[in-house]
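Each reported figure results from applying straightforward, stated rules to the coordinates on display, with no laboratory input. What you are looking at is a predicted structure, and each value in this text was computed from that prediction instead of being measured. Here the Cβ positions follow ideal geometry from the backbone for every residue, glycine too, while neighbour counts run over all protein chains shown.
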Amino acid sequence: MKIESVALLINTMVNEKNFSRARDLILIEWKRLTEAKNYHLLNDNAKQLVKIIKEEKELGTFDSLTPKEKTILNIVNQYIRELHLSLAKRIYTEHISLFEREDAQKLLSSDAKFMCKAWKESI
């Protein structure tokens, strides 16, 4: 696929807030997109997403969590945000070791961190 088409597709995905698909495409085309001549084809939001991925790679947090673990953390964030605390606690108790990891803590919302701390103390 031409890099112009890739950039247009990523820009569209980011504008539609489809960040997971945009991220996947950015990772596939990483070398070509990070070249200066191609980077300028991205819109501001897509450039910001590229910067975030680059920071994750530099800090070593990029591959520290598997996609399944990230999904678990996002589900707990969602359940806590929607006040489905019993479901969130059930997932927490099944994956306590995941929630104790520092890299996982970075993906939790402040409410989720608070609830996980409370659940940890109650166990």
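Values for this structure:
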| item | result |
| --- | --- |
| Long pairs among Lys2/Lys47; Lys68/Lys113; Lys17/Lys70; Lys57/Lys120; Lys17/Lys37, criterion Cα-Cα beyond 23 Å | Lys57/Lys120; Lys17/Lys37 |
| Test item: Cα-centred dipole of segment 67-122, Lys/Arg +1 and Asp/Glu -1 on Cβ, debye | 60 debye |
| Dipole of the chain [Lys/Arg +1, Asp/Glu -1 at C-beta], most positive-end residue of Val50, Val6, Tyr79 | Val6 |
| Residue-span extension gain [Trp119 to Gln105] - 0.36 nm each, minus C-alpha spacing | 3.6 nm |
| Net dipole in debye of segment 3-59 [+1 Lys, Arg Cβ; -1 Asp, Glu Cβ; about Cα centre; nearest 20] | 40 debye |
| Sites Ser97 and Asn74, calculated FRET efficiency, Cβ-Cβ separation with R0 22 Å, nearest 0.05 | 0.80 |
| Sparsely packed GluC sites (Glu not before Pro) within segment 5-65, loop by DSSP, other Cβ within 10 Å at most 11 | Glu16, Glu35 |
| Under the span-like rule (Cα at least 20 Å along the axis, Kyte-Doolittle mean at least -1.0), DSSP H helices of the chain | 44-59, 67-81 |
